Amino acid sequence: MAADSLIDIRDVTKTYGAGETAVHALRGVSLRVDAGEYVAVMGSSGSGKSTLMNILGCLDVPSRGEYWLDGADVARLSEDQQALVRGRKIGFIFQSFNLIPRTSALANVELPLTYAHLKKADRRRRARRALELVGLSDRADHRPNELSGGQQQRVAIARALATGPRILLADEPTGNLDAHSTDEVLAMFDDLNSEGRTVVVITHETEVARRARRLIRVSDGRIVTDEVTG
Amino acid sequence: MSPRDLFGAALRGLGANKLRSLLTVLGVAIGVGAVIVLVAVGNGSGKAVQDRLEAMGTNLLTVSTTGGGGGFVRGQAGPSAQQYSLTMADAEALSDHRLAPDVAAVAPVMTSSGTATNGDTSYTVNQVIGTTPEYLPATNTPVANGRAFTKQDVDSTQRVVLLGQTAATELFGRPASAVGQTIKLGAVDFAVLGVLASKDTSGFSDPNATVIVPISTLRATQAGYGALSQIVVQAAGKDKVDTAQAEVTQLLTARHQVPATQSSPFRITNSAQILQTSQDTAATFTALLATVAAISLIVGGIGVTNIMLVTVTERTREIGIRKALGARRRTILGQFLIEATLLSLIGGAVGIIVALVVSRFQLAGVQPVLVPSSILLAFGVSAAVGLFFGSMPAHRAAGLRPIDALRHE
């Protein structure tokens with residue numbers, strides 16, 4: 001049942017607005033993702049893939065349908081419990097990096113650990129290890145505006161990994177990166193997945209989607225294809 | 001998130017836009033400073049009035065007669081007024097403890113004016129007061145040099161005089177050198193026994209320009225044996241002033257056989273009443289100033305709200321990121337509340353320091369007297385202002401849905 005899959009979405013719809021002007025971003029999507037999968041969600045802009053990502057990440061709630069995450073019905077969680085889920089189970093990676101400005105790379109990586117109530121020393125240790133993992137130990141004290149796009153995205157990955165989440169949710173992670181940085185980031189995803197981490201990447205680039213082992217195409221708020229590729 | 005972490009995040013938030021934070025702090029500082037300084041000014045002016053009145057003597061009742069066209073002073077009043085003239089016998093009766101138990105001391109007073117001369121130097125004394133030794137302590141008039149005259153001096157009509165500071169200075173240059181010298185009041189020689197201590201000069205007449213002689217001597221040499229100008233009565237204590245006044249009224253009414261139908265011909269000025277009235281006035285004044293200052297504090301608080309609203313709007317995306325990373329509602333709330341409270345607390349501290357400095361100087365002729373409670377109050381209010389005026393923006397930030405916050409450009 002629900003406990004089998006890490007992510008279990010059942011007939012989810014999402015509608016923005018109401019009446020004549022209502023926008024149907026998702027028109028009934030069901031999806032299961034098991035632990036350890038590497039899934040790419042593809043679609044053109046306006047296809048509903050970002051809405052799907054927001055719902056998967058507990059940033060938004062479905063208009064109808066159910067979302068079971070790691071055996072828990074997200075709709076029944078309180079606002080604070082949802083925050084806890086976001087902090088502990090999901091690591092976000094955004095297209096625009098979304099690092100906190102004027103705050104060092106290390107402090108950015110520490111942030112989710114702070115929200116998870118870890119002690120200072122513990123936080124520092126884990127944040128340094130995460131930065132080490134993405135090869136940015138020497139940039140720990142740099143601020144986001146002192147880092148290149150690729151470096152910023154690596155800091156963001158370190159931040160996503162710091163809490164040891166079950167799922168890595170990436171929304172167009174390479175959209176703002178050059179070819180070289182794209183390769184670096186994708187290689188990192190490959191490594192993480194091969195270590196057993198569940199990775200869900202939302203993208204419109206076939207090059208990115210090709211790295212995944214399961215490809216889901218979304219169009220007009222519906223899943224059109226769902227195939228194992230790797 | 002520990003308080004320390006919240007504090008650090010708040011400090012970084014404030015540091016992000018230093019000029020803006022500084023101006024907001026300034027708004028609160030002006031408000032807090034204004035409250036403290038203006039309350040101190042109000043308090044200071046109240047104290048000044050009180051000091052002036054206390055210099056006149058506390059627990060003091062001044063009895064004089066109304067009506068009779070004012071002629072009673074020199075004993076030239078008409079028959080009806082003469083009936084109510086104050087006499088030496090009245091003064092003696094008032095000092096009888098059986099008749100007026102709450103009266104501590106009584107001093108009959110006659111006044112005259114005249115010119116005092118020391119050789120070629122002459123000085124127009126604005127008031128020659130003839131009285132008894134009780135007058136000095138009752139009116140809070142200590143002798144600075146030499147000594148006061150005694151009951152024996154009065155009984156034996158000694159030609160001795162006490163000079164006010166100004167009178168002594170005008171006649172002898174140095175007040176201290178006047179003691180033991182002789183002056184002429186009119187045509188009569190008086191030995192200078194002592195010089196009175198300087199008194200606060202703010203009043204209708206300069207108390208330092210008076211000279212005091214035994215009442216018997218004044219009657220014999222200058223003023224004649226008419227009615228007394230007034231009788232100065234000192235009550236036995238601060239809380240006995242009202243009963244003493246009642247006793248004096250009753251005694252004088254009885255002695256002068258004032259008909260019950262007539263309003264009292266005696267006017268009794270009560271120093272405690274004057275003090276009370278002026279204290280009430282000062283309190284009103286202080287309240288008025290404090291209100292004005294409180295308004296400026298509120299304006300400062302609105303400044304905090306305004307800036308925090310701008311900050312929340314500006315950092316909406318940051319709030320979204322924090323929520324995506326697991327920040328709870330109350331964590332966001334706490335961060336922005338602490339930012340707002342820090343702004344106003346720093347403002348409060350600056351305001352207090354400025355107020356402490358400013359209130360060392362005279363403002364509008366008033367030496368401000370700090371009220372410690374107003375400092376505590378202003379500081380407490382500034383903290384409350386931060387919490388109160390910061391709570392709306394902070395709640396707005398905390399209530400943002402993560403997805404809306406993240407989408408914000």
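Would you check which residues across the stretch A:61-99 are of a type in the set (Gly, Ala, Ser), facing chain B (nearest Cβ under 8 Å) and out of contact with any Leu (no Cβ under 7 Å at 6 or more places or on another chain) and list them?
A:Ala83 - this is the single residue of the stretch A:61-99 that is of a type in the set (Gly, Ala, Ser), facing chain B (nearest Cβ under 8 Å) and out of contact with any Leu (no Cβ under 7 Å at 6 or more places or on another chain).
Every residue in the stretch B:309-363 that is without any contact (Cβ under 8 Å) to a residue 60 or more places away in the chain, small (Gly, Ala, Ser) and within 14 Å of chain A (Cβ to nearest Cβ), please.
Result: B:Gly326, single match.
Quickly run through the stretch A:100-110 and pick out the residues that are in a loop (DSSP other than H, G, I, E, B) and within 9 Å of chain B (Cβ to nearest Cβ).
Filtering the stretch A:100-110 for residues in a loop (DSSP other than H, G, I, E, B) gives A:100-104.
Selection gives A:Ile100, A:Pro101, A:Arg102, A:Thr103.
Given the condition under 19 Å from the mean Cα position of the chain (by Cα) and either part of a loop (DSSP other than H, G, I, E, B) or at negative phi (or both), answer yes or no: does some residue in the stretch A:139-150 qualify?
Within the stretch A:139-150, one or more residues are under 19 Å from the mean Cα position of the chain (by Cα) and either part of a loop (DSSP other than H, G, I, E, B) or at negative phi (or both).
Collect the residues in the stretch A:27-75 that are in a strand (DSSP E or B), within 14 Å of the chain's Cα centre (by Cα) and of a type in the set (Val, Ile, Thr), keeping them in residue-number order.
Scanning the stretch A:27-75 gives A:Val33, A:Val39, A:Val41.
Could you say whether any residue in the stretch B:291-302 is more than 19 Å from A:Thr103 (Cα to Cα), within 14 Å of chain A (Cβ to nearest Cβ) and surrounded by fewer than 20 Cβ atoms within 10 Å (Cβ to Cβ)?
No, the stretch B:291-302 contains no residue that is more than 19 Å from A:Thr103 (Cα to Cα), within 14 Å of chain A (Cβ to nearest Cβ) and surrounded by fewer than 20 Cβ atoms within 10 Å (Cβ to Cβ).
From the list A:Thr229, A:Thr225, which one is modelled with pLDDT under 90 and in contact with a strand residue (DSSP E or B) (Cβ under 8 Å, 6 or more places away or on another chain)?
Answer to the selection: A:Thr229.
Is it the case that some residue within the stretch A:166-177 is over 19 Å from A:Gln95 (Cβ atoms), in contact with a Leu (Cβ under 8 Å, 6 or more places away or on another chain) and either of a type in the set (A, V, I, L, M) or without any contact (Cβ under 8 Å) to a residue 12 or more places away in the chain (or both)?
Among the residues of the stretch A:166-177, not one is over 19 Å from A:Gln95 (Cβ atoms), in contact with a Leu (Cβ under 8 Å, 6 or more places away or on another chain) and either of a type in the set (A, V, I, L, M) or without any contact (Cβ under 8 Å) to a residue 12 or more places away in the chain (or both), which makes the answer no.
Is it true that A:Ala170 is more than 14 Å from chain B (Cβ to nearest Cβ) and buried (at least 22 other Cβ atoms within 10 Å of the Cβ)? Give the derivation first.
Numbers: more than 14 Å from chain B (Cβ to nearest Cβ): no; buried (at least 22 other Cβ atoms within 10 Å of the Cβ): yes.
In short, no.
Go through the stretch A:183-200 and give me each residue that's in a helix (DSSP H, G or I), buried (at least 19 other Cβ atoms within 10 Å of the Cβ) and out of contact with any Gly (no Cβ under 8 Å at 6 or more places or on another chain).
A:Leu186, A:Met188, A:Phe189, A:Leu192, listed by residue number.
Search the stretch B:360-409 for residues being basic (Lys, Arg) and over 42 Å from the mean Cα position of the chain (by Cα), and hand back the single one that is farthest from B:Ala34 (Cα to Cα). Before you say what the answer is, go through the steps one by one.
Start the filter on the stretch B:360-409 by keeping residues that are basic (Lys, Arg), which leaves B:360, B:396, B:401, B:407.
Next cut, over 42 Å from the mean Cα position of the chain (by Cα) only: B:396, B:401, B:407.
Details: B:Arg396: 31, B:Arg401: 41, B:Arg407: 43 Å.
Here the residue is B:Arg407.
Does the stretch B:40-50 contain any residue that is buried (at least 23 other Cβ atoms within 10 Å of the Cβ) and within 30 Å of A:Tyr115 (Cα to Cα)?
Checking the stretch B:40-50: not a single residue is buried (at least 23 other Cβ atoms within 10 Å of the Cβ) and within 30 Å of A:Tyr115 (Cα to Cα).
May I ask you to verify whether B:Val258 is part of a helix (DSSP H, G or I), of a type in the set (A, V, I, L, M, F, W, C) and outside the structural domain of B:Gly42 (by TED's automatic domain parsing)?
no
Would a scan of the stretch B:63-80 turn up a residue that is modelled with pLDDT of 85 or more, crowded, with 16+ Cβ neighbours inside 10 Å and away from every other protein chain (no Cβ under 14 Å)?
yes
In the stretch A:139-151, is there at least one residue being out of contact with any Asp or Glu (no Cβ under 9 Å at 6 or more places or on another chain), among the hydrophobic types (A, V, I, L, M, F, W, C), more than 10 Å from chain B (Cβ to nearest Cβ) and surrounded by fewer than 14 Cβ atoms within 10 Å (Cβ to Cβ)?
No, the stretch A:139-151 contains no residue that is out of contact with any Asp or Glu (no Cβ under 9 Å at 6 or more places or on another chain), among the hydrophobic types (A, V, I, L, M, F, W, C), more than 10 Å from chain B (Cβ to nearest Cβ) and surrounded by fewer than 14 Cβ atoms within 10 Å (Cβ to Cβ).
Please go through the stretch A:69-86 and give me each residue that is crowded, with 21+ Cβ neighbours inside 10 Å, over 16 Å from B:Gly399 (Cα atoms) and not basic (Lys, Arg), ordered by number.
Result: A:Leu69, single match.
The values are calculated or read from the model by the stated rules, or taken from the named source; none is laboratory data. Please read these numbers as outputs of a predicted model, since none were measured by experiment. For neighbour counting, all protein chains shown are included, and Cβ atoms are generated from backbone atoms with ideal geometry for every residue, glycine included.
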